[in-house]
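Taking it in order: structure first as structure tokens, then the write-up.
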Amino acid sequence: MSTHREPQTEAPRTWRDRDLQSEREQRFERAADPAERDRPMGPRRPANELGSRRRWDWRGDVAVASGLNVLAGIWLIIAPFVLGYGNGDPYWNDIVFGAIIAVLGLIRVSGAYRASELSWVNALIGVWLFVSAFWLDNTGRAGGNDIILGIIVFLLAIASASATEDAAMVEERGARGGPTF
């Protein structure tokens, strides 16, 4: 009596059985392409299979945060005229720093995704807007606008800069063979 078993020849009964049989067949299959022969043998899984890692779109995060900073900069430019700042309010402070915020944000949105320094400069300007509201502004309108916009610009700039730096850290881990997110 032989202990050798004949391979199953009957067709799989369910979809799950068919998938398992297909995995078994692929496990021992060698790649026809010589470039893939160095790949470890095993079942091939599609890239979009449930449970596979999704690639983080950090450039989208940078573009959204920087794009919102562009809008905040534009608002700072027109706010003295829309809100009707008083005589003692330094409207040039908002116009100049609004233009700088908008330009730096526009540079980031238009493709300088790795230049996190631009976002850090915007974060410093956000701090300046917040502090200048207490120091320079004489009316509640100008002061309230600068406080709110200072916080918004600061938070958006930090979000944009940290997305870039997190992506650099993930890419560095991937280059060293460590886990990526």
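The values are calculated or read from the model by the stated rules, or taken from the named source; none is laboratory data. Because the structure is predicted, anything quoted here is derived from the model rather than measured. Positions of Cβ are backbone-derived with ideal geometry, glycine not excepted, and every protein chain shown enters the neighbour counts.
Pull up segment 116-144, narrow it to residues that are of a type in the set (Gly, Ala, Ser) and under 23 Å from the mean Cα position of the chain (by Cα), then point me to the one that is nearest to GLY67 (Cα to Cα).
Here the answer is SER119.
Under 6 Å by Cβ, and 6 or more places apart or on different chains, what pairs join a residue from segment 68-93 that is closer than 15 Å to ILE147 by Cβ with one that is acidic (Asp, Glu) and in a loop (DSSP other than H, G, I, E, B)?
ASP89/ASP137
Against the conditions (1) modelled with pLDDT under 80; (2) under 30 Å from ILE148 (Cα atoms); (3) surrounded by fewer than 19 Cβ atoms within 10 Å (Cβ to Cβ), where does GLU29 fall short? Just the number, please.
It fails just one condition, (2).
Look through TYR91, TYR85, TYR113 and report the one residue that is under 24 Å from ASP166 (Cβ atoms) and out of contact with any strand residue (DSSP E or B) (no Cβ under 9 Å at 6 or more places or on another chain).
One residue alone meets the criteria, TYR113.
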